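Trainee: Before I ask anything, let me first share the structure, which is written out below as structure tokens.
Since every read-out is calculated from the coordinates, none of them should be taken as a lab result. Note that the structure is a prediction, hence the values are computed from the model and not measured. Please note: Cβ atoms are built from the backbone with ideal geometry, for glycine as well, and neighbour counts cover all protein chains shown.
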Amino acid sequence: MPPVTSSGSSRRDDTTAGDGVALKAHASGPTPAHDPARLEALVNSLPRRVSYLSRVLYRTDGSSLPRAMRSAVFTLAFGPMRITDLAWQEGIGQPAATRMVARLEALGLVRRERSETDGRIVMVALTDAGLSELDRLREQSRRLIRAALRTRSVTEIRRLEAASEALDQLTDWALEEEIRIHEDSAQRLSAAGAPSRQRLRRAAHP
């Protein structure tokens, strides 16, 4: 659900939020001004709130797809990808991802196709029916948000605009940190004689 760019890279260096608050590019290393207690409270509360909002927005009426399959449809909106990369994006094992793709394929929502750059690689892509399902799911969540915001004040809307920009920036920072962790892990594995980090880098940039 939550949106990830297909490259996994940062989408901007400097963004200005709706209330005029500038969101600067992430600087490496901790800032001495951080209050550890407040930072830890945010670390604990933010994921819980984002996760709950996501569940509220995407528990749709009339959809026969389980949550995991709806999530896979949203992930595939960024373009065709390998099952291994879909599994990585969804945080599940490859066998589970393979079974889920098979179920989506049986429903006519996805298809398997050969990679345009390497015919040996099988990719999973949304079909026209899958794209229609994606549009329907998106519109249901948008309709709910429109209704929730219709009577809010200008100040409340501006605060939400700033919060939306901040969440977008946080996504970039989290992706950067995730890629760094994978690269560090791959370097250690490579030094120990394990497979190179190339596969992990491909997974981090689906």
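Trainee: Sorted by packing (mean other beta-carbon atoms within 10 Å per residue), highest first, where do 169-181, 151-163, 79-91 land? Could you put the intermediate results ahead of the total?
Mentor: Working: 169-181: 15.1, 151-163: 12.2, 79-91: 17.8.
Final packing ranking: 79-91, 169-181, 151-163.
Trainee: Quickly work out the A96-to-L46 label distance, labels modelled 7 Å from Cα along the C-beta direction, and quote it in nm with one decimal.
Mentor: Placing both labels 7 Å along Cα→Cβ, they lie 2.5 nm apart.
Trainee: Hey, another quick one. How large is ³J(HN,Hα) for each residue in region 150-158, as worked out from phi by the Karplus curve 6.51 cos²θ - 1.76 cosθ + 1.60 (θ = phi - 60°), to whole Hz, x for Gly and Pro?
Mentor: With coefficients 6.51, -1.76 and 1.60, one gets 4, 9, 7, 6, 4, 5, 5, 5, 5 Hz.
Trainee: Rounded to whole Hz and in sequence order, give me ³J(HN,Hα) for region 73-83 from the Karplus expression 6.51 cos²θ - 1.76 cosθ + 1.60, θ = phi - 60°, writing x for Gly and Pro.
Mentor: Listing the rounded values in order: 4, 5, 5, 6, 4, 7, x, x, 8, 6, 4 Hz.
Trainee: Something else now. When the Karplus curve 6.51 cos²θ - 1.76 cosθ + 1.60 is applied with θ = phi - 60°, which whole-Hz ³J(HN,Hα) does each residue of region 92-98 get, with x for Gly and Pro?
Mentor: 10, x, 4, x, 5, 5, 4
Trainee: Starting from the amide H of M123, placed 1.01 Å from N in the peptide plane, find each other amide H under 5 Å away whose residue is 5 or more places distant or on another chain.
Mentor: E113, R114, S115
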